[in-house]
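Input: a single structure, listed below in structure tokens.
The values are calculated or read from the model by the stated rules, or taken from the named source; none is laboratory data. In this text the structure is predicted, and so the values were computed from the model without any measurement. Cβ placement follows ideal geometry from the backbone for every residue including glycine, while neighbour counts extend to all protein chains displayed. The area values use the complete protein model at the heavy-atom level, side chains included, leaving out ligands, DNA and RNA. Shrake-Rupley method; radii C 1.70, N 1.55, O 1.52, S 1.80 Å.
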Amino acid sequence: MKPLNLTGRRFGRLVVGDRAENDVRGKTRWAVRCDCGTTFIADGTKIVSGHTQSCGCLQRARAKAAQHALRGTRHPLRSIWKEIVARCTNPRNHAYPLYGGRGITICARWLGSFEAFVSDMGARPSPKHSIDRRENDRGYEPGNCRWATRVEQANNTRTNRRLTANGITHTLAEWSRISGIPASTIRVRVDRLRWPVGRAVSKPLRAKKLGVVDLGDPLKAARGQYRAGGDA
């Protein structure tokens, strides 16, 4: 099939000139001139499809614009980044005793570059999400930080108690949601009455107090619904 005649046509920042020699695979190529003044040889298919729209200056311009936007004071993540830096490095910050004061640091990559922080963390999924550290004794660094909701963060605080029954571990709050038994009741059963955890999270309250007759098996529910992390 005879190739299209692209001579004189514009595609993005490119104006097509004369035909050039085909490449080693026989693909049609054209001499093109970019608006910035650069001339080069380009694949005709990529020109028509829009894959090649400039000599590379368009991509550089877009990257520069993105960097400029990141440096702007109105970027939605800048205040979060500044607060992390302050709580880890500034003894005058109200949160410093809980972070920098106890050895929580921010990695050099993030400390020195807001752009690197945004690149590693990505966009904030929603206004309900904030920065959470997976391991609370490690600092702010790639691999240890994620965007998490308030419920997810509550399940990850260093003061949140975890209980294990039949090889299944959940926080006290999660066991309460699974079993329908108030967290205070589970705590009394384990701490005061010295019940095994399995019994504490499985034995239903009296029907007249709870208002229901059958709670099902919370351990089975834990193995099923909460094996992949629950609905938090």
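Which far-off residues, 5 or more places away or on another chain, put their amide H under 5 Å from the one on Ile168, with H placed in the peptide plane?
Excluding prolines and chain starts, which carry no amide H, there are no hits.
Which log10 I(q)/I(0) values, to two decimals, does the stretch 1-44 give at q = 0.15, 0.30 Å⁻¹ under the Debye formula with one point per Cα?
With one equal scatterer per Cα and no solvent, log10 I(q)/I(0) is -0.34, -1.10.
What list of ³J(HN,Hα) couplings, whole Hz, do you get for the stretch 29-39 from phi and the Karplus terms 6.51, -1.76, 1.60, once you set θ to phi - 60° and write x for glycine and proline?
Calculated HN-Hα couplings, in order: 10, 9, 7, 10, 10, 8, 4, 7, x, 6, 10 Hz.
May I ask you to evaluate 6.51 cos²θ - 1.76 cosθ + 1.60, the Karplus curve with θ = phi - 60°, for each residue of the stretch 92-104 and list the ³J(HN,Hα) values in order in whole Hz, giving x for glycine and proline?
Karplus values, whole Hz, x for Gly and Pro: 8, 6, 4, 9, 4, x, 8, 10, x, x, 10, x, 7.
Can you work out the accessible area per residue across the stretch 126-203, with the rest of the protein chains kept in place, probe 1.4 Å, in square angstrom?
Accessible area per residue: 55 Å².
Arrange the peptides 141-147, 161-167 so that the one whose residues have, on average, the most other Cβ atoms within 10 Å appears first.
Working: 141-147: 15.0, 161-167: 13.0.
Ranking the peptides 141-147, 161-167 by packing returns 141-147, 161-167.
What area, in nm² and to one decimal, does the C-alpha convex hull of the stretch 108-196 cast on average over all directions?
For the stretch 108-196, averaging the hull's shadow over all directions gives 7.5 nm².
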